[in-house]
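Okay, so here's the structure we're looking at.
Read the figures in this text as sums done on the coordinates, not as results from a lab. Since the structure is predicted, the reported quantities are computational estimates derived from the model, not experimental observations. Heads up, the Cβs are rebuilt from the backbone with ideal geometry, glycines too, and the neighbour counts pull from every protein chain shown.
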């Protein structure tokens, strides 16, 4: 009897697993694998507002999220919201002066939302694929109001050597 139940239950569980896997993977836009693991970009949903987001995911960790509605695309998200420690620090650091800010880790580029006229942000990232995905699938680095001139620089630091990728 137990074998019969197991024999029937296994295909049912396989169908359930496949349907869940299909629904999750259908939201995925791209995935890249390298020495550091698997990075993927997927469409998601903000748990608080239900708004559509685009997420940069490394394994199971979200390393950046961007709202997809035009009016919210440059709003800081995830752990860099305006009420976060980073948000408070970047909003209040030298508010009336040009700032030079070094950022360890690029993620989706969310911290670039805190730029002001004349600021220079330099991002240090060890994973080339993070930089490529941030530029291709997120607009935090490129979206700057026309009246604001900022300079972004991404520097890749793989395996004990410095490699300047570009100035944005």
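Some values worked out for this structure:
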read-out: Net length gained if the chain between residue 45 and residue 122 were fully extended (0.36 nm per residue, minus Cα distance); value: 24.8 nm
read-out: FRET E, pair residue 88, residue 36, Förster distance 30 Å, beta-carbon r, rounded to 0.05; value: 0.50
read-out: Cα gyration tensor shape of region 22-90, rounded if a/c is under 1.5, else prolate or oblate by comparing a/b with b/c; value: oblate
read-out: Ranked 63, 93, 58, criterion: other C-beta atoms within 10 Å, fewest first; value: 93, 58, 63
read-out: Mean Cβ neighbour count within 10 Å, used as a protection proxy, ranking 72-81, 121-130, 43-52 highest first; value: 121-130, 72-81, 43-52
